[in-house]
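Here the structure comes first, spelled out in structure tokens, and everything after it is commentary.
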Ligand code: HEC
């Protein structure tokens, strides 16, 4: 170990030579203005993640579970009339935050510190049950921009039928 340190010290010292002082360089001629680079390509739509639920959302999901939300199924799932009605709900009440592509990048959503849930991100979608999502729509997530928006039970199921068919198809 000691020998190594000594070796390094010698090696470090060996390179030290006094260099002649360089003459001051003449000022550089101004460069021609380069054309601005093209704007970067737009990010791919509905990029996966990473808007993970914050603590307030997690607390709401726990509350929903305690209320038995996990055992609920969507009675409207896959029904065309429900999906159509849910689309209207979504486009009037939700799209400003959750975005037309379900990526949380609606006009209002993009500006929020805690981004709205991304319905198009499978991992995020699967993280809560459909019953918990329904509870969230009905009750909101206290302390976040996700307020209860006055949907009826049925309308909330319609919205979820739409979300699932639109953003989780495959
Ligand atoms: C003002 C912005 C805003 C509006 C409008 C809004 N949301 Fe949200 N939503 C949020 C935010 C913020 C969260 C919480 C994100 C987090 O922390 O995960 C959220 C979370 C959710 C969740 C929970 C996600 C999950 O996977 O458990 C659902 C479901 C949801 N919103 C549905 C809706 C529906 C349906 C509408 C329209 C009726 C709507 N939201 C309108 C901002 C909004």
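Every read-out reported here was derived from the displayed coordinates using simple, explicitly stated rules and does not represent laboratory data. These numbers come from a predicted model, not from an experiment. Cβ: placed from backbone, ideal geometry, glycine included. Neighbour counts: every protein chain shown.
So the values come out like this:
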quantity: Two-site label geometry, residue 79 and residue 63: point separation in nm, points 7 Å out along Cα→Cβ; calculated: 2.8 nm
quantity: Relative contact order [Cα under 8 Å, 6+ residues apart], the stretch 72-167, whole percent; calculated: 39 percent
quantity: Cβ-Cβ FRET estimate between residue 168 and residue 110, R0 fixed at 30 Å, reported to 0.05; calculated: 0.85
quantity: Inter-label distance for residue 149 and residue 36, nm, one decimal - labels placed 7 Å from Cα along Cα-to-Cβ; calculated: 3.6 nm
quantity: Cβ crowding within 10 Å averaged over residues, with 138-145, 81-88 ranked highest first; calculated: 81-88, 138-145
quantity: Which of 158, 54 has the fewest Cβ neighbours within 10 Å, and the rest in rising order; calculated: 54, 158
quantity: At R0 = 25 Å, FRET efficiency that the Cβ-Cβ distance of residue 96 and residue 70 yields, to 0.05; calculated: 0.30
quantity: Burial ordering of 62, 28, fewest other beta-carbon atoms within 10 Å first; calculated: 28, 62
quantity: Principal axis dimensions, the stretch 72-167 - Cα atoms, whole angstrom, descending; calculated: 34, 26, 24
